[in-house]
Amino acid sequence: MKSHTKHLTFNVPARMGFVNITREIEREVADSGVREGLVLVNAMHITASVFINDDEPGLHEDYKRWLEWLAPFDPSPEKYHHNRTGEDNGDAHHKRQIMGREVVVAVTAGRLDFGPWEQIFYGEFDGRRPKRVLVKIIGE
Amino acid sequence: MKSHTKHLTFNVPARMGFVNITREIEREVADSGVREGLVLVNAMHITASVFINDDEPGLHEDYKRWLEWLAPFDPSPEKYHHNRTGEDNGDAHHKRQIMGREVVVAVTAGRLDFGPWEQIFYGEFDGRRPKRVLVKIIGE
Amino acid sequence: MKSHTKHLTFNVPARMGFVNITREIEREVADSGVREGLVLVNAMHITASVFINDDEPGLHEDYKRWLEWLAPFDPSPEKYHHNRTGEDNGDAHHKRQIMGREVVVAVTAGRLDFGPWEQIFYGEFDGRRPKRVLVKIIGE
């Protein structure tokens, strides 16, 4: 069994934003030499997500409005008790649960085994600082 | 290490619907010859889900009403900017995020290592056409 | 390839609650002897979750209020058709979809490959009885 580990760093210049990281993950799959296996891609921070959906700017606007409805930004400790700690990112911990922490993708014949529109995104909900994504590939 | 890959196709005759695919996944596990390992099952389309829950029709009605509250169908480009592309499925991209893209299940002694009520479902949110599910099994 | 399987049991004394199970999972990784691989941790019951987030009591209060807004407890069969079966846990099946069934975590150099704040939680939405969590580790 082969394994390959990589930590990628992203610095999103806004509080919320989505970055297409498919090319970076494809590169790691190629570097790993794995032909048949699984790749795990996960946010290493708990106010960020990795998810798979469409690379379409209108949809990303929709996601931002929808997540703001589901868990509005509010730095007050009344809305989010988490903000009693002095942080202001209670909302981000909720948004990340909707969008998910991780994806697991099949590697077949040395490539991501993807449907026609699948793209991997890093989702940031408390940005403006460097944060990490883990890529772990196992297989043969 | 063994690996086994299968693409299954489903054509749900409604916009939204849930299909129990547990038997199909069990068959792939048997075909794979894997005794100890992991199976990944994921929707290959970004307006569909694979999830694990109860095979109970009342619950599935509840899920449909709840998802319609969380992300109502609305073909207008005002509600979903995604629909500016000419598509009408903005809602489906949101519903899929709630229900998830994939499940990873343990294979133990050659079988899905499941609790008493766990069943695997394909969740369709923009149906009436053939769409694919990937099954990838690795182990020994 | 090595594999290691463990079923853990938790009995949460309230309807809803979160239990930090990171130490238990670390122990299983150590017992497995796996240095490079993946660990799957999933709820085996369909009214419970396994998720990764912050071990901060204010956040857990926030999650409880938020999940109650998204899917309120209501034993009546009007609110949840699932409760026509005689059960009263329709809400719990919804809360579990928001928080997720499972996490997959990388094992690197024999340890959980975690960011600074990542902790693994068992999330209970229909407690006061013993329920199980599966830990499956594969790798080398």
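Counting partner chain Cβ atoms within 10 Å of every residue's Cβ in A:30-43, what's the average?
Average per residue, whole number: 3.
Carbon and sulfur atoms: what percent of the 1.4 Å accessible area of the protein assembly as shown do they account for? Looking at the protein assembly as shown in its full context, I get 50 percent from C and S. With label points defined 7 Å past Cα in the direction of Cβ, position A:E68 shows copy-to-copy spacings of 2.8, 2.8 nm, given to one decimal and shortest first. Extending 7 Å from Cα along the Cβ direction at A:K2 and again at C:E78 yields two label points whose distance is 6.1 nm.
Based on C-alpha pairs under 8 angstrom that are at least 6 apart in sequence, chain A has a relative contact order of 53 percent.
Give, in nm to one decimal, the length gained when the segment between C:E68 and C:T85 is fully stretched (0.36 nm per residue of separation minus the Cα-Cα distance).
Values: separation 17, 0.36 × 17 = 6.12 nm, distance 2.16 nm.
So the extension gain works out to 4.0 nm.
Once you have the Kirkwood Rh of segment A:28-88 from its Cα pairs, apply Stokes-Einstein at 25 °C and 0.890 mPa s and quote D in µm²/s. D, rounded to a whole number, is 161 µm²/s. Sorted shortest first, the distances from the A:R27 label point to those of the same residue in the other copies are 4.2, 4.2 nm; each point sits 7 Å from Cα along Cα-to-Cβ. Once you reduce segment A:20-43 and segment B:42-108 to the center of their Cα atoms, the two points are 26 Å from each other. At a threshold of 50 Å², the residues of segment B:72-99 that become less accessible to a 1.4 Å probe in the full protein assembly than in their chain on its own are B:H81, B:H82, B:H94, B:Q97, B:I98.
Amide hydrogen proximity for A:E102: with H placed 1.01 Å from N in the peptide plane, the residues at 5 or more positions away or on another chain lying under 5 Å are A:V50. Each residue of segment C:129-136 was assigned a 3J(HN,Hα) from its phi angle through the Karplus expression (A = 6.51, B = -1.76, C = 1.60, θ = phi - 60°), giving 6, x, 9, 10, 10, 9, 10, 10 Hz with x at Gly and Pro. Computed from the C-beta positions of C:A30 and A:A14, the FRET efficiency with R₀ = 45 Å rounds to 0.65. Ellipticity at 222 nm from helices only: DSSP H runs of n ≥ 4 in chain B, each -39500 (n - 2.57), divided by the residue count, give -7500 deg cm²/dmol.
The residues of segment A:1-25 listed by number as losing at least 50 Å² of accessible area in the complex, against the isolated chain and with a 1.4 Å probe, are A:M1.
Taken per residue, the accessible surface of segment C:55-140 reaches 36 Å², heavy atoms only and a 1.4 Å probe. Mean-square fluctuation check for chain A, GNM, Cα pairs under 10 Å: which of A:K79, A:K95, A:K64 is largest? With Cα springs under 10 Å in chain A, the top fluctuation among A:K79, A:K95, A:K64 is at A:K79.
Ranked from shortest, the separations from the 7 Å Cα-to-Cβ label point of C:R132 to its equivalents in the other copies are 3.5, 3.5 nm.
Would you mind classifying segment C:59-140 by shape? Square roots of the alpha carbon gyration tensor eigenvalues, ordered a ≥ b ≥ c; an a/c under 1.5 is rounded, otherwise it is prolate if a/b is larger than b/c and oblate if not. Intermediate values should be presented prior to the final figure.
Values: a/c = 3.32, a/b = 2.07, b/c = 1.61.
Because a/c hits 1.5 or more and a/b exceeds b/c, segment C:59-140 counts as prolate.
Averaged over peptide B:114-124, the number of partner chain Cβ atoms lying within 10 Å of each residue's Cβ comes to 3. Once B binds A, the 1.4 Å probe can no longer reach about 2700 Å² of accessible area, counting both sides. Under a Gaussian network description of chain B, with springs only between Cα atoms under 10 Å, the residue in B:E56, B:E118, B:E28 that fluctuates furthest is B:E56. Among the listed pairs B:K64/C:K79; B:K95/C:K136; A:K95/B:K136; C:K2/C:K136, those whose Cα-Cα separation exceeds 18 Å are B:K95/C:K136; A:K95/B:K136. Considering only A:I46, A:I21, A:I98, the Gaussian network model of chain A with Cα springs below 10 Å gives its largest mean-square fluctuation to A:I98. The alpha carbon convex hull volume per residue for chain C rounds to 101 Å³. Provide the FRET efficiency to the nearest 0.05 for the C:R23-B:R128 pair, computing r from the beta carbons and using R0 = 60 Å. After rounding to 0.05, the efficiency reads 0.80.
The values are calculated or read from the model by the stated rules, or taken from the named source; none is laboratory data. What you are looking at is a predicted structure, and each value in this text was computed from that prediction instead of being measured. Please note: Cβ atoms are built from the backbone with ideal geometry, for glycine as well, and neighbour counts cover all protein chains shown. The area values use the complete protein model at the heavy-atom level, side chains included, leaving out ligands, DNA and RNA. Shrake-Rupley method; radii C 1.70, N 1.55, O 1.52, S 1.80 Å.
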